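Okay, structure first, notes after.
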Amino acid sequence: MDVSHRKRTLLKVIVLGDSGVGKTSLMNQYVYKKFSPQYKATIGADFVTKEIQLDDKLVTLQIWDTAGQERFHSLGAAFYRGADCCVLVYDVNIHKTFDTLNNWHDDFLKQVCLCTVFQASSFYVNDREAFPFVLLGNKVDVAGGKSRRVTEKKAREWCDSRGNIPYFETSAKEGYNVEEAFLCVAKIALQNEHELDIYFRGISETVSEAEQRSGCAC
């Protein structure tokens, strides 16, 4: 099959955020429509998949859940390679989980392996902030919203400062805004994947030689 006509329908999504913000619960609510009040920390990484229809295309979302501690760095660049979108999650009731968003955002970009084929693309080199992110402010249901510590205004200001990142306030427990949030994730992930498809169609056969000269550790 001609590479120029090959279409990928598998989209890789990475979910990051502090431990306990509800990453696993959001994924389970979205994929299985289930919520468990019993908290169990994710060890290492795991993923779930869901097929959805976007316009006339059937898309499989592969959503990766990660441990919310520093040990996620040990997963290595291979874990992040091929990601089409990154979802950042914080707990609106715990300000610390919002304060660490800068670290999660910047560390993700550092972990993404930028090989020569990407370095020739201005989309990645000159504007790394353009990589698609979505921010979720979770647990808005807690105490009827009376215990929240991070306002929607402050969250949106942070998103604006990072290149107008889409923002959703969610409740994994009640399913509030979960479907809408991941639909947005799927759409911008597919858009990013299309950007890469368009670029890859213009890459010459000498790319592998250029990669060898670049010394990329991918």
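Does K154 satisfy the criteria of being in a helix (DSSP H, G or I), over 22 Å from L54 (Cα atoms) and not aliphatic (A, V, I, L, M)?
When the stated conditions are applied, K154 passes them.
Give segment 141-166 a look and list any residue that's open to solvent by 30 Å² or more (accessible area, probe 1.4 Å) and among the hydrophobic types (A, V, I, L, M, F, W, C), or say none.
Hits for segment 141-166 are V142, A143.
In this structure, is E193 at pLDDT below 95, among the charged types (D, E, K, R) and open to solvent by less than 70 Å² (accessible area, probe 1.4 Å)?
So E193 fits the description; yes.
Quick check on my filter: what residues within segment 128-151 are within 16 Å of the chain's Cα centre (by Cα) and either touching a residue at least 60 places away in the same chain (Cβ under 8 Å) or assigned to a loop (DSSP other than H, G, I, E, B) (or both)?
F131, P132, L136, N138
Among the residues of segment 172-185, count how many are crowded, with 21+ Cβ neighbours inside 10 Å and either in contact with an Asp or Glu (Cβ under 6 Å, 6 or more places away or on another chain) or in a helix (DSSP H, G or I) (or both).
4
Working only within segment 162-189, note down all residues that are closer than 18 Å to V48 by Cβ and at pLDDT below 95.
Selection gives A189 alone.
Please tell me if L101 is at pLDDT 70 or above and within 18 Å of the chain's Cα centre (by Cα).
So L101 passes the test.
Please indicate, with yes or no, whether at least one residue in segment 112-122 is modelled with pLDDT of 95 or more, open to solvent by 40 Å² or more (accessible area, probe 1.4 Å) and of a type in the set (A, V, I, L, M, F, W, C).
No, every residue in segment 112-122 fails to be modelled with pLDDT of 95 or more, open to solvent by 40 Å² or more (accessible area, probe 1.4 Å) and of a type in the set (A, V, I, L, M, F, W, C).
Pick from segment 18-73 the residues that are among the polar types (S, T, N, Q) and open to solvent by 100 Å² or more (accessible area, probe 1.4 Å): which of them is modelled with the lowest pLDDT?
Ranking the candidates gives Q38 first.
The values are calculated or read from the model by the stated rules, or taken from the named source; none is laboratory data. The model shown is predicted, which means the values in this text are computed figures rather than measured ones. All Cβ positions, even for glycine, are placed from backbone atoms using ideal geometry, and neighbour counts span all protein chains on display. With ligands, DNA and RNA removed, areas are computed over all heavy atoms of the protein, side chains included. Shrake-Rupley method; radii C 1.70, N 1.55, O 1.52, S 1.80 Å.
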